[in-house]
């Protein structure tokens with residue numbers, strides 16, 4: 001997502017969140033913009049990772065790579081005995 005082009009956006013956030021961003025910026029000696037950009041980048045990357053895992057799981061189901069609930073329950077029962 002690196003780009004030399006920038007765009008300013010506005011958002012209203014709770015005062016507590018704004019204060020937390022400001023504290024973190026001071027602690028890390030970074031700008032508030034940097035903190036917010038890092039947080040958004042991390043959140044978007046995590047959402048994409050989860051989305052890809054869901055797609056992988058759906059592909060597994062479509063090809064029959066599944067474990068039946070009864071098999072999991074049987075396995076769990078063996079763990080309780082140990």
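The values are calculated or read from the model by the stated rules, or taken from the named source; none is laboratory data. Here the structure is a predicted model, which means the values were calculated and not measured. No Cβ is skipped: glycine too gets one built from the backbone with ideal geometry, and neighbour counts run over all protein chains shown.
Residue 59 - would you say it is at pLDDT below 95 and part of a helix (DSSP H, G or I)? Here the answer is no, as residue 59 does not meet what is asked. Pairs meeting the criteria (first residue in region 29-42 and more than 16 Å from residue 13 (Cβ to Cβ), second residue surrounded by fewer than 13 Cβ atoms within 10 Å (Cβ to Cβ) and at pLDDT below 95, beta carbons under 8 Å, at least 6 apart or on different chains) are 41/1. Among the residues making up region 12-26, a single one is in contact with a helix residue (DSSP H, G or I) (Cβ under 9 Å, 6 or more places away or on another chain) and either at pLDDT below 95 or assigned to a loop (DSSP other than H, G, I, E, B) (or both): 13. For the condition in contact with a helix residue (DSSP H, G or I) (Cβ under 8 Å, 6 or more places away or on another chain), in a helix (DSSP H, G or I) and free of Cβ contacts under 8 Å to residues at least 24 places away in the same chain, residue 66 does not qualify. Could you please give the count of residues in region 27-45 that are loosely packed, with under 10 Cβ neighbours inside 10 Å and part of a helix (DSSP H, G or I)? Matching residues across region 27-45 total 1.
Does residue 48 satisfy the condition of being surrounded by 10 or more Cβ atoms within 10 Å (Cβ to Cβ), at negative phi and without any contact (Cβ under 8 Å) to a residue 12 or more places away in the chain? Yes.
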